[in-house]
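Q: Questions regarding the structure given below will be posed in turn.
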Amino acid sequence: MLRDVLDGSSGGGRRAMRLLATMAALFCAVVLSAMFMPTRAEARYLNVKFVIDNIDEYPDKKDEVFHYICSFYKWNDYATGGWRISKNSTAWKWEELDSKWVAGPNDRNGKYWNYIDAKHGQTVRANASDGDCFYFYPQIGFTHGKTAAGLSLSYIEYPDAGNTWKISYNDQGHAGYGIIPFNYGGFVSPGDGSVILHMHYDEGLPKPKPITPELSMTTSKQIDYLGDGQPNPDTPNHYGANDYRLYLTGNTKDNTAYATYKPKNIIVAVDISLSMMYTFDGNKNGGGERFTSLKNAAEKLMDGLSKSDGRNKFSVVYFSSDDKYPWGAAKGSGISVNKGSFDQAKHALWALDYSRYGGTDYYSAFRRIDDCCRDTPPDMENVVIFLTDGEPTSVPKEVLPRWMGALSQSVVAVPYTQDAAKKHLGKVSQFYSVFIGTNSGSAAVMNMVLRAITVPEKGFVQASNNSEMQKLIDKLTNKLKKPEVGVAMSDTLSKYVDLYTQPEYFKVTAKTTDSSEEPRVLNPGSDYEVNYDGASRTIRMKIKGRVTKDTTYTFSYDVRASSTALKEWKLSGGYPHVGDENTDYTLTGNATSSGQPGFFSSEIDKAVGQITYDLGSGDQSADFKFPKPVVQVRDTNNSNGKIMGHVTLYNMELKAGKFTFELVDNSNNKPLTPTSNDANGDFSFDVNSIALTPGMYTYTLRQSTPPDMNDADQIGGDHIKYDIHEVKVKVTVTDDPTTGLEKKVEYAKDSDQKAHFYNSFGIQGTYQ
């Protein structure tokens, strides 16, 4: 039968052979298709290994899950549409656009989106479906975990056997020039593939490079006893028996090498896109909250850097898209000030307004920054402060000559923007970007762009509210300002002295070392500040601003021996301490401290000269100890039953008996026997004869005046102007079982040790 069939007509045999051949070809095609072409049931996959290259800098991040996007599309399938947030919803929605818009990767079908949720070192399997190209992008949406602001994609590694490779961007021939995007890739052939995502993590500003200070201070501390009758021109004190003036002196030397510091051209790049009118959390009815915060922060930074170094210059760059949308034209980008003064930059800054229609164009900003870097002197460095609230949504029209704004166009704008960073920021020494807003994913896009900047130092921070914004600006200002070295002096008083806290008793002078000029008296408030902490009994003086090299600063103030000192002296009958050498005040020459017994005026080793400095690492200080002077105590409460006084005569030699004084008993208004001064100006009244029993007695002490004295000017016929003030005196008598009657004498509104009268011959002037 078979043979019969075969022996049939030749036409029938040929037909059978053709059928068999066709069946064989179909079989081969099916087999090959199954071997090399994915089907719906056998989708293509991309194995993505997630690696943070600098993870050792952040060991606490090793177990943290990070979020990223891997999206697939077909080669040559670029669509004029894009993902947008739908109105009244947090969901992402694909919106079709016309051909006037830039074409982005067509991943409108949800099957193309893959969320990469991975830890460092973990591999995630992403479903490519029938897509043969892919891109990676931070997650900025609301429906999934956002990418951490500090996470940025550095580059994609394509393993040799990974079946993947980098691809170029195809905008259907409309791009001004072609690029190979750093975050795009594709499959080499049918089948699965693999890539390694190399990420970088940044958190805050980079730590400053350490500067080793070479600072020294020569210190001295001296004390002047004010109760010896010798006037001291540095104090208005009336020189009581227990009064002293302390002098803290420090000479500072600074041999620190500041070779790394240069004055700066501060380029402030200001985003004026439409979204700057929003609140920090993205409310469109924000009334320009972001913009106002930005301006305040930028002014604060420029002001601080202007005061830090008067050589600093300031440039202001503004940027938004130059897109001409159907509803109007944007303001584009430009330069307001190039290397101007602080006042010029401040005026230009506040003259800016946000664009009512513009998007965010980093590309143009980078070109304007490059313009500001030209002709910068070699002894000055270019520093950029980049302030924005969004990822790049646009590039100049000569680069991509169509409208932009959707997420898919941002995916295109980002690689072009990163390419611009490489081209235009080569003259920048330091680049610091501040993202304004709460969306960490958008901030991560910005961080990813800036990874391409090859500058000696760069940093990225995010400000989620106005308070954070101002704090970040403070940190940037501190980082960029000229290294500061200052002087402070601190003295923690011992229990044996009390401080005269009146401001008029404080004095600070400055004198150039080895100069013959008189010391300059500094002004409180503007030149220095003094603070006293009563709880710790510490007084501190700090020079404001940078200290001048080879300058000696002297801080002086008044103290008095305390009641504690009197009690311990009475109980012990002596003193526990000895004053250090060279602690007597040299200008008056009184020998009260050096090698003398007494009480230390300060807590031991708690009087220090301080060199304060901020060399980029925050406030620090180095302490240098002062020598230790002593005070003695005089028992003025009993005064051997005497009311004492002193008279000073200006412009004439004082002789014994020159002036007469009277003491009136207030109980009966009767004067006691008058007395007169001795050659030193001292006089006294003995109250032992009138205050005989315990109780309180009050008196009025006054100076007798000549009958021919003119009451209007208090000048007598002897051409002497008389001090006519009266001193109220209180005598308290107590009966001590051990020592008997003790008489405590107090002088109201005068010295606590004696009453003082000041007369002058002619015009008051030179003390005789």
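Q: For region 628-653, which residues satisfy the criterion of being of a type outside the set (S, T, N, Q), over 17 Å from VAL727 (Cβ atoms) and surrounded by fewer than 18 Cβ atoms within 10 Å (Cβ to Cβ)?
A: ARG634, ASP635, MET652, GLU653
Q: Okay, moving on. So which residues in region 41-79 are modelled with pLDDT of 85 or more and among the polar types (S, T, N, Q), if there are any at all?
A: If the condition is that a residue be modelled with pLDDT of 85 or more and among the polar types (S, T, N, Q), then ASN47, ASN54, SER71 are the ones that fit.
Q: Return only the number of the condition from (1) more than 30 Å from PRO392 (Cα to Cα); (2) crowded, with 20+ Cβ neighbours inside 10 Å; (3) in contact with a Leu (Cβ under 9 Å, 6 or more places away or on another chain) that GLU484 does not satisfy.
A: Only one criterion is unmet by GLU484, namely (2).
Q: Ok, one more. Filtering region 713-732 down to residues that are closer than 21 Å to ASN669 by Cα and surrounded by fewer than 18 Cβ atoms within 10 Å (Cβ to Cβ), which residue is modelled with the lowest pLDDT?
A: Checked region 713-732; the qualifying residue modelled with the lowest pLDDT is THR732.
Q: Can you spot a residue in region 139-151 that is closer than 19 Å to ASP419 by Cα and not assigned by TED's automatic domain parsing to the domain that holds ASP389?
A: No: region 139-151 contains no residue that is closer than 19 Å to ASP419 by Cα and not assigned by TED's automatic domain parsing to the domain that holds ASP389.
Q: Of everything in region 340-390 that's among the aliphatic types (A, V, I, L, M) and part of a helix (DSSP H, G or I), which residue is farthest from ALA420 (Cα to Cα)?
A: So, considering only residues that are among the aliphatic types (A, V, I, L, M) and part of a helix (DSSP H, G or I), the one farthest from ALA420 (Cα to Cα) is ALA351.
Q: Among the strands (runs of 3 or more DSSP E) confined wholly to region 106-172, which include 1 or more residues that are touching a helix residue (DSSP H, G or I) at 6+ places or on another chain (Cβ under 9 Å)?
A: Ranges flagged: 123-129, 133-138, 151-157.
Q: Output the residues belonging to region 440-455 that are under 25 Å from ASN296 (Cβ atoms) and either assigned by TED's automatic domain parsing to the domain that holds ALA149 or under 25 Å from the mean Cα position of the chain (by Cα) (or both).
A: Matches in region 440-455: SER440, ALA443, MET446, ASN447, LEU450.
Q: Follow-up question, since we're still on this one. State whether the residues of region 463-481 include one that is assigned to a helix (DSSP H, G or I), without any contact (Cβ under 8 Å) to a residue 40 or more places away in the chain and within 26 Å of SER563 (Cα to Cα).
A: No; the residues of region 463-481 include none that is assigned to a helix (DSSP H, G or I), without any contact (Cβ under 8 Å) to a residue 40 or more places away in the chain and within 26 Å of SER563 (Cα to Cα).
Q: Just one of the numbered conditions (1) outside any strand (DSSP E or B); (2) touching a Ser or Thr at 6+ places or on another chain (Cβ under 9 Å); (3) closer than 20 Å to VAL485 by Cα is not true of GLU581; which one?
A: (3)
Q: A further question on this structure: I'd like the residue in region 178-200 that is assigned to a loop (DSSP other than H, G, I, E, B) and touching an Asp or Glu at 6+ places or on another chain (Cβ under 9 Å) and, out of all such residues, is farthest from LYS422 (Cα to Cα).
A: For region 178-200, the residue satisfying everything is PRO190.
Q: May I pose another question? Any residue at all in region 300-317 that is assigned to a strand (DSSP E or B), more than 20 Å from GLY288 (Cα to Cα) and modelled with pLDDT under 90? Quick ask: steps written out before the conclusion?
A: Just the residues of region 300-317 that are assigned to a strand (DSSP E or B), to begin with: 313-317.
Pick out the ones that are also more than 20 Å from GLY288 (Cα to Cα) and you get 313-315.
From what's left, modelled with pLDDT under 90: none.
For region 300-317, residues assigned to a strand (DSSP E or B), more than 20 Å from GLY288 (Cα to Cα) and modelled with pLDDT under 90: absent.
Q: Write out, first by first residue and then by second, each pair whose Cβ atoms fall under 7 Å of each other, whose residues are 6+ apart or on separate chains, and whose first residue, in region 512-530, is in a loop (DSSP other than H, G, I, E, B) while the second is aromatic (Phe, Trp, Tyr).
A: Correct list of pairs: LEU522/TYR528.
Q: Is region 275-289 home to any residue that is among the β-branched types (Val, Ile, Thr) and assigned to a helix (DSSP H, G or I)?
A: no
The values are calculated or read from the model by the stated rules, or taken from the named source; none is laboratory data. Quick caveat, the model's predicted, so the values are computed rather than measured. FYI the Cβ positions are ideal-geometry reconstructions off the backbone, even for glycines, and counts take in every protein chain you see.
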